[in-house]
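Engineer: Dropping a structure here in structure tokens format, bear with me for questions.
The values are calculated or read from the model by the stated rules, or taken from the named source; none is laboratory data. These numbers come from a predicted model, not from an experiment. In this analysis, Cβ positions are derived from the backbone assuming ideal geometry, glycine residues included, and neighbour counts consider all displayed protein chains. Just so you know, the surface numbers come from the protein's heavy atoms only, side chains and all, with ligands and any DNA or RNA stripped out. Shrake-Rupley method; radii C 1.70, N 1.55, O 1.52, S 1.80 Å.
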Amino acid sequence: MEELTISAVARQAGVRASTIRYYEELELLPAPRRVNGQRRYDASVLERLAFIQITQRLGFSLNEIHTLFEHQQASAPLPELWQSLAQQKLADVGRIITHAREVQRLLMRGLRCPCANMDDCIDCVRVHCAPAE
């Protein structure tokens, strides 16, 4: 099997070489073999990088991704961990959506603002941004 240089991996994965080195430091990627001091990667590193990219897009932190990899290596029940983390992410996304809808509502109200000056407008926004009691 052909081994890849760090630049080839970076190019194929669409990341910087410094990102790959950083992931190695965090132990998200296995330490590569060295040939004359140069890193040489098995092509399977591309799948691992794709997994990292997808889980990051889903909102997982690098620490959470590391935990997933640790569980996979320990043959621990990964589906249970995945379910737990996914439930937490869904709750986080729900909070983000709620906040975004509130911001959208306030911005739409602001577009219809009849205030003659900024001071009045800010007072108007304060009233509408006040937490409900």
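Engineer: Restricting the range 17-46 to residues that are in contact with a strand residue (DSSP E or B) (Cβ under 7 Å, 6 or more places away or on another chain) and crowded, with 16+ Cβ neighbours inside 10 Å, which is farthest from Thr5 (Cα to Cα)?
Structural biologist: Pro32
Engineer: Which residue is surrounded by the fewest Cβ atoms within 10 Å (Cβ to Cβ), if the candidates are limited to the range 1-16 and must be under 25 Å from Thr67 (Cβ atoms) and not hydrophobic (A, V, I, L, M, F, W, C)?
Structural biologist: Among residues in the range 1-16 that are under 25 Å from Thr67 (Cβ atoms) and not hydrophobic (A, V, I, L, M, F, W, C), the one surrounded by the fewest Cβ atoms within 10 Å (Cβ to Cβ) is Gly14.
Engineer: Which of the residues spanning the range 86-117 are of a type in the set (A, V, I, L, M) and either open to solvent by less than 90 Å² (accessible area, probe 1.4 Å) or at pLDDT 90 or above (or both)?
Structural biologist: Once the filter is applied, which keeps residues that are of a type in the set (A, V, I, L, M) and either open to solvent by less than 90 Å² (accessible area, probe 1.4 Å) or at pLDDT 90 or above (or both), the range 86-117 yields Ala86, Leu90, Ala91, Val93, Ile96, Ile97, Ala100, Val103, Leu106.
Engineer: How about the range 1-26: which of its residues are within 20 Å of Ile54 (Cα to Cα), in contact (Cβ under 8 Å) with a residue 12 or more places away in the chain and of a type in the set (Val, Ile, Thr)?
Structural biologist: Scanning the range 1-26 gives Val9, Val15, Ile20.
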